[in-house]
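This report concerns only the one structure given below.
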Amino acid sequence: MSEKVLLEINGVSKSFPGVKALDNISFCVKEGHIHALIGENGAGKSTLIKILDGIYKPDAGTMTFSGKSLSPRTPLDAQKQGISVVHQEIKLVDALSIAENIFLGRPKTSHNLIDWKKLNREAQVLLDSLEANLRAEIAVRNLSIAQKQIVEICKAMSYNVKLLIMDEPSAALTIKEQEILFRTMRVLKAKGLTIIYISHRLEEIFNLADEVTVLRDGCLVDTMPIDNVDRKRLISMMVGRELENEYPKEKVAIGEVLLDVKNLCRGRMVKNISFQLHRGEILGIAGLIGSGRTETARVIFGADKKEKGTVLIKGKELKKQTVTESIQNKIALVPEDRRSQGLILGMSVKENISLVGIDHILKNKIINNRLEKIMALNFINKLRIQTPDEEREVKYLSGGNQQKVVLSKWLAVDSDVIIFDEPTRGIDVGAKAEIYRLLVALARAGKGVIMISSELPELLGMADRIIVMHEGRISGEIYSNDATQEKILDMAISH
Amino acid sequence: MDRHQEQPQSRNFFTPILRWFDDYPIALAVIGLCVIMSLISSSFLSFNNIMNVLRQISMIAILAAGQFLVLVAGGIDISLGSIVGLAGIIFSMGMVKWGMAPIVAALLAVFIGGISGFFNGFQDAIVGIPAMIATLGTQGVARGLTYVLTNAYPISDLPESISFLGRGYLLSIPWPVIIMLIVFLIIGFISQKTKFGRFVYASGGNPEAAYLSGIKVKKVKITTYVIAGCLASLSGIILVSRLASGQPNAGIGWEFEAIIAVIIGGVSLAGGKGKIFGVLLGAILVGLLTNGMTLLNVSSYYQQIVKGLVLVFAVGLDVYQTRKQNKA
């Protein structure tokens, strides 16, 4: 492996009104390496990427790329110099073929007409070079997310890329798809390409990266070979303090049955689901993406209608199966996607918190500002929601604080059964620990907690018992004392 | 970032005023137009002229108040102008042809407006037809019904007893202005102080999150259309008493002016955002614009062009701001 430096960042700073996003950042990326860039949300990773991509201009500092000074003015400019970014959200035209997408805007022509053969042939060469088992003619809409990412990479490769920047490419992928992506990255590396890789998942970084750079609050913490650090040290570098215990699990006495689900069915995704949830229990639900976990949660909550089966809460059957009925019976759902399902982003923290329990703040059927404020402040203090005041629009809060607002709205109606769907997705390490402590506090208060998660370490660390789902069915159940990642994965993949 | 972050260190006398203008940037435009108008015409700032302008805008403003609720809930209603026409005809025919007492005919007209609104809401919320198309359909149906009922002839010989609504005064304030202010107070109260109002904002702001919070989004949305339909009827009734006849062509293009008023009043086309007071300012601005152009002898054809451009400009600004906020 060459030790030549491809990219040198020297004293780069960038400020926005009120925030110093990057403060005097300097580090080198070596040619042919996979260089991981990590840090909590707001650490400055995206700003740095946007500077490299020509979207932002740095206030100070210089960059050198393959020996030449680098100051891209637009993403296109960056691409011409050999830097391409693969974003988290895929930007392909679904209706067009892979080949058309790769050469979008630059069709291969002969005599002013599109030369389809040439177009497909050149696209196929790129696909094959990545050992992707794909045909260039098929439409992008038929591809999985990982395959779409490979098309994005091919597109970048077609510009003669030297440095590929990947912004959390694995976040939305299933375990199988992740394997495809990682294999592609290794192929790219073998071809001598340099990759800057951003991820929240430390396991991946240890598997893939050669070097790692940690940012915190816009400052550089350190850059070092991955072999010189361990997981614990990386986390403490990101958070800036030692996290003595990543999972603050406590043993709580398990009480009576709260929720009893019997033979619940709906379509292909919910087949004959039966389980019980007790007071004080944290019940984990594991499974691959698409295994029916979210769908099961929605049916229990009454957001979707069941086809068969019963849901009993404290022995009482839910007959109507509506959200309203579930709320009356103190079932809550903290959905997967806070921003699109959990919050009214244009509303204030206060209005979001009072949304479900709005009857509690009415006086003679009129919204009472004082009662609403008291309710909001109560939860802002109790859950330590970081916000300048209760009037702040919730969209300006960080992911962890937004999640606390969603939870507050359910605690305001004193919910007994709380279903969390991916409670820590997109939340940074420090805030995760706080969410975990809240889960424990709920269990201690005698509530029943269901925790759907794709992160096995978090399930193993937090749940008392784990149900594993596969293709809409429960494929196994295990107490977390006996569980290992391997056992759960085994149940999640086949049975 | 947003304005709440740049807290001014020195809070002086002007701070609350400046913040108020921040919330209602359109107020500046209204004041600006008033200054220009009073320079052009010395009688502009007289009590009579101000009341005159307010009376001119009152019917569009009442329409806009209903449109406001529909837009905040995430819909849009372009059938309101036709409902004005239909309700006016029902009101006139009720009294003249069917021998109803004025109050009964008025209630019937409001009821028909409500039904039209329900039809809109049903198409949008239950069937899932895009609001613009659903209400375009209603626009055609309601206008067509108006022509069928009247054979396109106006209805005249209305009882004298209803003329106060359009032409009368209470303490030298025109009745339409009083009705408009009452409507705005009620809609303002509903939108800011009641559970239903909060649900309207939530349903428009994020229907999925609202649904998962136990809000019956479809019901809320339909209700906003029904209210808008009823208010359009009220507007139609006032127009009939002002003209002393039921015109089958009444209200054509009014939804257009109402939408202009609502959008320049700061209500977002994307739903979930806006205040009724902004809508009132928006309606006043549209009224001043019309009034000013008429004073300047601008032909009504050119006035259409100007209003069209104002609408496009206002929506463009709204789209631009939404995009900017989504980036933040």
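Here are some notes:
- Ranked by how many other beta carbons lie within 10 Å on average, peptides B:190-197, A:48-55 from highest: A:48-55, B:190-197
- Residue-averaged beta-carbon neighbours from other chains (10 angstrom radius) around B:211-223: 4
- Within 10 Å of each Cβ in B:188-200, the average number of Cβ atoms from other chains: 3
- Residue (of A:116, A:151, A:78) at the positive-pole extreme of segment A:78-218, dipole from beta-carbon charges: A:116
- Furthest towards positive pole of dipole, B:87, B:287, B:99, structure part the protein assembly as shown, Cβ charges: B:99
- Here B:302, B:24 are placed in order of increasing Cβ neighbour count within 10 Å, fewest first, which gives B:302, B:24.
- Considering helices alone, the calculated mean residue ellipticity of chain B at 222 nm is -24000 deg cm²/dmol, with DSSP H runs of length four and up weighted by -39500 (n - 2.57) and normalised per residue.
- Residues A:73, A:135, sorted so that the one with the fewest Cβ neighbours within 10 Å comes first: A:73, A:135
- Given charges at beta-carbon only (K, R positive; D, E negative), |dipole| of segment A:183-334 in Debye: 960 debye
- Annotation: the residues B:93, A:269, sorted from fewest to most other C-beta atoms within 10 Å of their own C-beta, follow the order B:93, A:269.
- The protein assembly as shown shape via C-alpha gyration tensor axes, a/c threshold 1.5: prolate
- Tail weight of P(r) past 15 Å, computed on alpha-carbon pairs of segment A:67-109, percent: 59 percent
- Net charge over other residues, Cβ less than 12 angstrom from the Cβ of residue A:371 (K, R count +1; D, E count -1): +2
- Take each peptide in B:177-185, B:243-251, B:165-173, count the other Cβ atoms within 10 Å of every residue, and average; sorted highest first, the result is B:243-251, B:177-185, B:165-173.
- Charge dipole of chain B (Cα centre as origin; +1 on each Lys and Arg Cβ, -1 on each Asp and Glu Cβ, all else neutral): 580 debye, rounded to the nearest 20.
- Qualifying lysines (Cα of each under 25 Å from Cα of residue A:118; at least 8 residues distant if same chain): A:80, A:91, A:108, A:148, A:155, A:162, A:191
- Net charge contributed by nearby residues that have their C-beta within less than 9 Å of residue A:226 (K/R +1, D/E -1): -3
- Its residue count N fixes a reference of 2.2 N^0.38 Å for segment B:1-154, and the Cα radius of gyration divided by that reference is 1.46.
- Estimated 222 nm signal from helices in chain A, with DSSP H stretches of n ≥ 4 weighted -39500 (n - 2.57), rounded to 500: -9500 deg cm²/dmol
- Peptide B:201-210, shielding by other chains (average Cβ, 10 Å cutoff): 6
- Given charges at beta-carbon only (K, R positive; D, E negative), |dipole| of the protein assembly as shown in Debye: 1300 debye
- Mean shadow area of segment B:107-253 over all directions, Cα convex hull, nm²: 10.2 nm²
- Taken over chain B, the alpha-carbon convex hull comes to 155 cubic angstrom per residue.
- Given charges at Cβ of Lys, Arg, Asp, Glu: chain A dipole, positive-most of A:357, A:101, A:215: A:357
- Straight Cα distances below 12 angstrom link residue A:271 to the aspartates and glutamates A:295, A:307, A:471, with same-chain residues fewer than 8 positions distant left out.
- Partner aspartates and glutamates whose Cα lies under 14 Å from the Cα of residue B:275, excluding those fewer than 8 positions away in the same chain, are identified as B:22, B:23.
- Cα gyration tensor, segment A:138-284 - rounded (a/c under 1.5), prolate or oblate: oblate
- Three-way shape label, segment B:262-316, alpha-carbon gyration tensor, a/c 1.5: oblate
FYI, it's all coordinate maths here, none of it is from the lab. Remember, predicted model here, so these are calculated numbers, not experimental data. Glycine also receives a Cβ, built like all others from the backbone with ideal geometry; neighbour counts cover every protein chain displayed.
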